[in-house]
Structures are given as structure tokens and as C-alpha cells.
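Down below is the structure, laid out as C-alpha cells.
What follows is calculated from the coordinates using simple rules that are stated; it is not laboratory data. These figures come from a predicted structure and were not determined experimentally. Cβ: placed from backbone, ideal geometry, glycine included. Neighbour counts: every protein chain shown.
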Amino acid sequence: MAPSKPTRPLKRKLVMSIGIIGAGNIGSAFARALSRNGIAATIANSRGPETLAELTAELAPHITAGTIEEAAKADIVLIAVPWSKLPSALGGLPEWAGRIVIDANNPIEAPLFKPAELNGRLSSEIVAGLVPGARLVKAFNHLFANLVSADPHAEGGSRVLFYSGDDAQAKAGVADLIARIGFAGVDLGSLKVGAALTQFPGGPLPALNLVKFG
């Protein structure tokens, strides 16, 4: 019997489409970081694409407005929605079929800034339940929005962005995106460990502006 041919590894998709659900402070800051680096994305909010005309005019041609359904079809989807509105924003969407979701949410919102009741769960565990079939990575929730949109090399090094998750390939995809927009990604491990460290309120890492040199 002839020896079997070795299995060829699947080619990694070099360019992944990006969607953004939520056009508030973090969603808009992420869009600006992408645009500054020439990376295309579709951004959506609950009020419809026409309400994003000013933002997309600023960030043209890289950032375009779409519906939540259109943004959710991307290979990588960042979600940054006020905590109480997450169920309605994500409800009714098709199963995520292994696509990568970046959880940039924190369980607190204006104007009261009262922490949500999580009943002993991590906020990322709750978000994961709202995106069945997704590979969830926690990232972009621990920095102030103005630091996400600003030049990550302003202090002479590379501003640090933490990320965590339970799927190694999904984390690699997010790490690649973090590097493409100029940040220094730091892998905090599993969601159980990393999301607890970066969750606000409660974790020790939110709002720290750390810079990696060398």
C-alpha cells in the first residue's frame, strides 16, 4: 500500500472582514483606529445606518455604515453596546457559526454607572450566551476610548492591549488585528482568568495606560 500523502494545512485567511456593533465611544474609537491603518469595516447601531453618516464621512473610505445584521456577518465582530441593550441588539441574529466576536463590553453604563448584577458570573460569560456559536475574545474594554483611537506609539513605545479567550485560533486572529493597528497585544490566557482581570468594575487592569518598549 502506498503511503498516504501528508495532509496539507489549511491556508489561513489573510484578510478577514470586520464588523462593529455599537457606535458609541468604544465602537467609534475602534473604527477610527482601523481607519487610520487603512482597514475596512462595517459599523452599525440600533438606530440605522443613516444616523452614522457623520462618522462614516469622517472615516471614509474605510468605514461604512450598515445594519446590525450586515455587521454581524463579518469574520471578526467587535461588540460594544450599553450593557442593558445587549440582549435587544443581539437578539434574533443567526447563529455565529464559529466567527470571532470581540467582547468590548463592561457591565456598567451611563448615566448612573451602577454595576449590573451578574449573579457571580463574568460579564463575558453572559455575552457568550448571547452569541451562540461564536468564538469569543475579550479585548478593547479596558482602555479609555480616547486611548483606543489615539496613536498607540505616542509615548515612544507601543500601547498595550490585553486580550483573553478560550479558542487559540480566535485569539491569534485578534492578536493579529491588534498588531495591525499598532498596539502591543498581551495574552492574559483563558476567559476565566483574563476577563476577570480586565472587567470593569472589579478587575485590576482597566484604565491602566501601559506601554511596551523595545
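Summarising the amide proton neighbourhood of Arg135: residues at separation of 5 or more, or on other chains, whose placed amide H is nearer than 5 Å comprise Gly98, Arg99, Ile100, Val101. For Phe162, the residues whose amide H sits under 5 Å from its own are Phe140, Val186, ignoring neighbours fewer than 5 places away on the same chain, with H placed 1.01 Å from N. Protection proxy ranking for 66-74, 133-141, 96-104, using the average of other Cβ atoms within 10 Å per residue and placing the highest first: 133-141, 96-104, 66-74. Approximating the spin labels as points 7 Å out from Cα along Cα→Cβ, the Ser88-to-Leu112 distance works out to 1.6 nm.
Each stretch of four or more DSSP H residues adds -39500 (n - 2.57); spread over every residue of the chain, this sum gives -7500 deg cm²/dmol at 222 nm. A Förster radius of 25 Å, combined with the Cβ-Cβ distance separating Glu69 from Arg121, puts the computed FRET efficiency at roughly 0.35. Here the mean projected area of the convex hull built on the C-alpha positions of region 81-214 is 8.4 nm². Applying the Karplus relation 6.51 cos²θ - 1.76 cosθ + 1.60 with θ = phi - 60° to region 145-159 yields 3J(HN,Hα) values of 4, 5, 7, 5, 8, 7, 4, x, 9, 4, 8, x, x, 10, 4 Hz, where x marks Gly and Pro. With a simple spin-label model that places each label point 7 Å from the Cα along the Cα-to-Cβ direction, the separation between Val186 and Leu208 comes to 0.5 nm.
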